[in-house]
Structure formats: structure tokens, C-alpha cells
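The values are calculated or read from the model by the stated rules, or taken from the named source; none is laboratory data. Keep in mind it's a predicted model, so treat the numbers as computed, not measured. Positions of Cβ are generated from backbone atoms using ideal geometry, with glycine treated the same way; all protein chains shown enter the neighbour counts.
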Amino acid sequence: MIQLEQIHKSYRVDGRDIPALKGIDLNIAAGEIFGIIGHSGAGKSTLIRLLNLLERPSAGQIRIDGDDITALDGAGLRSLRQQVGMIFQHFNLLGSKTVARNIAFPLEIAGQLGRAAIDARVDELLELVGLTEHKHKYPAQLSGGQKQRVGIARALANRPKVLLCDEATSALDPQTTQSVLQLLAKINRELNLTIVLITHEMDVIRSICDRVAVIDGGKIVEMGPVTQVFLHPRHATTQRFVSEAEHIDEAAQADAFAHVPGKIVRMTFIGETTFEGFLGNAAREFNIDFSILSGRIERIKDTPCGQMLLAFTGEEAAVAAAFAQFRSRGIDIEELR
Ligand SMILES: Nc1ncnc2c1ncn2[C@@H]1O[C@H](COP(=O)(O)OP(=O)(O)O)[C@@H](O)[C@H]1O
Ligand SMILES: [Mg+2]
């Protein structure tokens, strides 16, 4: 639904062109939640702002539903902005307007509905984001999470096909972050809305995204399903995000297990919940032994998955045969030592 081809973007600073994006290729499918993660200055905001032409690319093509959006004229641009909603880190609400009037604002600008129809649509949106009782309050009377719910309702007012989220939960505490993310997931499911979000937080990606791109220095360095990218990070930037989020210090781990005998492996399973049971079975079948050095079982979006560090002892051929059996059951094994 959204296609970026060889997108470059430079900013002109003191008479010089400073590159912010250097050849981005991206395909986002209708109905997915696509996350873009990167450190500060990586080019995330630049990238997401290209999708509704808040910024224009210096080179390359952006197509939404097949149409090259950089070729749009004034009327086309207005229609694009209605089809592509956006929410922001600092909410960008109008402080002088009530919650209801903030949400009504884009409908008034679009000019397609009369007063009664606008009011009805606002009530519907308030219900959707759970703010019906706060309808007549002003932004200053709301919590951060409530403000972002107003931002979401406002962004959805004109029934967009795509919702862009620029660090939408970065100003919120962890609990509020989760409730806003769950609201976004619900909207994605119920309205089949395509969501593109950018963040510097792994937990945001892990909670609700289907696919993720890792951006560093204006380039996408890694991209794929969230399970794959987070369980098997290949690029150093991705590895750093994962180890920061998991509080894993690989070097310290290697030291801690220096005295442990046997073959040390990292096993990864996705969507498999009877892991420990058949580890035990395999130990008996092949007459080998194992100890679990560390492990974590979690969910990535709706998929249970886990990763464990294990040490196997026993005859080399028997251990190898057990590994072959694990692999045949879809478990990934990386031999670390
Ligand atoms: N309006 C601008 N003018 C000049 N440079 C900019 C502008 N916006 C962003 N940049 C630069 O482009 C790079 C990418 O910025 P940005 O897209 O905001 O990254 P992120 O959102 O990942 O922090 C940074 O080096 C930033 O300084
Ligand atoms: Mg930014």
C-alpha cells in the first residue's frame, strides 16, 4: 500500500546539503502495523513526515495505493492529508478548544459534513477512544494518555487509510504507553487501518508491530517480521537495541559461563510452548544431560516465543543427534561454544 523507492532527503543548512535519508526502499502492506526503530538523529521523523508530504523527498518515489504522491497538486494534497492521519509525541492539541472541538476540527476543515453529522461523528470517536465523559474538558485538564487519545480520535476523524505515529508514546509513562498501544492495536484490528509508527523503544515495537525496520544514519540496516528481527538480530544496531531492552550483557554472560562444562547453545522457539517437556524427552532418548543457564519466555505481539542459553553434556554424536531433532521441530540452535 505504501512504497518507497530509493528515497533520499537532504536538509539545506548554512548553504550546504546535509543528508538525512540515504536511499530508503520500503514496502508497507495494507492492514499491518509497521514499526521503524532508530536512535535519535537516525532519520525517523524525516522518514515518517515524507509519507504525508510534511517533508518532500530530494529524490526517489513515494507511492500510496499506487499513486505517486509527490506529483499531487493542491486538491490532491488536501485529500492525501485526509487519507493519512498523524499523531505526535507532544499531542499538538489546541489548548483553547475542548476535547470535542479538537476532534471536530479536521471535520470542519474538510467541510463535507454539517453540524449535526460532525457532532455525531465526534461522539462516535469519543466512544472509540474511551473519552466520552471528558468531552467538554480542555487539554490542560487531561492526563498525557488522555491527550494522546484525543490526538488519535482527531487523526481518525476523516476516516484515513493510514495512521502515522511519531514517537506517540515517548512522553508517557510505561503503563500509559501500554494502554495507548493497546488502543492502537484495537483500531488496527477493528478498522483494518494501516499504522506506521516510529520509536526509539523496543517495547513499543514488541507490543504491537507486525514488521520492523531498523534505521541508522539515514539507512535501513535491517528489516523483517518482529519475531525474526528481535530473536535473531544481525546488525550491530539491532543487537544493541535488543540487549538494552533485555538487559543482556553478552560479554559478562560468556565470562560467567566459562566454567560450565559442555556445549553451550542458544535455542530459540517461536509459537512453541512445550519446550521444556521435549527437552526432557530428548535428554532421555539420547542419554544426554542439559542445564539451563538463562532463559526468557515472552510474547511478541500475539506470538509466544522464547530464547534460552543451555549447556549440553554427553557423547558428541548423541548431542548432535538431539540438536538435529530440535531443528526438525523448528527450534533454532546457535552453537556458541
Ligand atoms: N528541518 C531540519 N533542518 C535541518 N536538519 C534537519 C531538519 N530536520 C532534521 N534534520 C537533521 O536530519 C537528521 C535526521 O533527523 P530526524 O529525522 O529528526 O531524526 P530522528 O527522528 O530519528 O531523531 C538529523 O541529523 C537532524 O539534525
Ligand atoms: Mg524524531
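Table: residues versus (1) touching a Phe, Trp or Tyr at 6+ places or on another chain (Cβ under 8 Å); (2) touching a residue at least 40 places away in the same chain (Cβ under 8 Å); (3) surrounded by 13 or more Cβ atoms within 10 Å (Cβ to Cβ); (4) among the β-branched types (Val, Ile, Thr).
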{"position": "Asp73", "(1), (2), (3), (4)": "no, no, no, no"}
{"position": "Val84", "(1), (2), (3), (4)": "no, yes, yes, yes"}
{"position": "Gln89", "(1), (2), (3), (4)": "no, yes, yes, no"}
{"position": "Leu93", "(1), (2), (3), (4)": "no, yes, yes, no"}
{"position": "Ile103", "(1), (2), (3), (4)": "no, yes, yes, yes"}
{"position": "Leu128", "(1), (2), (3), (4)": "no, yes, yes, no"}
{"position": "His136", "(1), (2), (3), (4)": "no, no, no, no"}
{"position": "Ala155", "(1), (2), (3), (4)": "no, yes, yes, no"}
{"position": "Leu163", "(1), (2), (3), (4)": "no, yes, yes, no"}
Quiz item: Does the range 63-76 contain any residue that is under 27 Å from Met1 (Cα atoms), within 28 Å of the chain's Cα centre (by Cα) and of a type in the set (Gly, Ala, Ser)?
Solution: yes
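Among the listed residues Val226, Val150, Val204, which satisfies the condition of being of a type outside the set (Asp, Glu) and within 16 Å of ligand 2 (Cβ to nearest atom)?
Val204
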Quiz item: Given the structure, is Asn188 on the phi > 0 side of the Ramachandran plot, more than 16 Å from ligand 1 (Cβ to nearest atom) and surrounded by fewer than 20 Cβ atoms within 10 Å (Cβ to Cβ)?
Solution: no
Quiz item: Among the residues of the range 202-216, which ones are touching a strand residue (DSSP E or B) at 6+ places or on another chain (Cβ under 8 Å) and over 30 Å from Asp65 (Cβ atoms)?
Solution: Met202
Quiz item: Restricting attention to the range 35-61, and to residues there that are among the charged types (D, E, K, R) and in a helix (DSSP H, G or I), which single residue is farthest from ligand 1 (Cβ to nearest atom)?
Solution: Arg49
Self-check item: Conditions (1) at pLDDT 95 or above; (2) of a type in the set (Val, Ile, Thr); (3) within 27 Å of His200 (Cβ to Cβ); number of the one not met by Thr98
Solution: (3)
Quiz item: Within the range 65-105, how many residues are part of a loop (DSSP other than H, G, I, E, B) and either aliphatic (A, V, I, L, M) or more than 23 Å from Leu131 (Cα to Cα) (or both)?
Solution: 6
Exercise. Quick one: count up the residues across the range 107-164 that are aliphatic (A, V, I, L, M), farther than 19 Å from Asn192 by Cβ and not in a helix (DSSP H, G or I).
Key: 3
Quiz item: Out of the range 210-222, which residues are touching a helix residue (DSSP H, G or I) at 6+ places or on another chain (Cβ under 7 Å) and either among the aliphatic types (A, V, I, L, M) or more than 29 Å from Asn192 (Cα to Cα) (or both)?
Solution: Val212, Val214, Ile215, Asp216, Val221
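Determine if the range 127-148 includes at least one residue that is of a type outside the set (Lys, Arg) and under 30 Å from Asp67 (Cα atoms).
no
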Quiz item: Out of all the residues in the range 102-119, is one or more within 16 Å of ligand 1 (Cβ to nearest atom) and of a type outside the set (Ser, Thr, Tyr)?
Solution: no
Quiz item: Among the residues of the range 10-32, which ones are without any contact (Cβ under 8 Å) to a residue 60 or more places away in the chain and within 15 Å of ligand 1 (Cβ to nearest atom)?
Solution: Ser10, Tyr11, Arg12, Val13, Asp14, Gly15, Arg16, Asp17, Ile18
Quiz prompt | Residue among Gly145, Gly95 that is touching a helix residue (DSSP H, G or I) at 6+ places or on another chain (Cβ under 7 Å), small (Gly, Ala, Ser) and under 28 Å from Gly41 (Cα atoms) | solution = Gly145
Practice problem: Of all residues in the range 261-299, count the ones that are of a type in the set (Val, Ile, Thr), under 17 Å from Arg337 (Cα atoms) and either loosely packed, with under 15 Cβ neighbours inside 10 Å or modelled with pLDDT under 75 (or both). | Solution: 1
Self-check item: Candidate set: the range 36-57, residues that are more than 10 Å from ligand 2 (Cβ to nearest atom) and over 17 Å from the mean Cα position of the chain (by Cα); chosen: the one surrounded by the fewest Cβ atoms within 10 Å (Cβ to Cβ)
Solution: Arg56
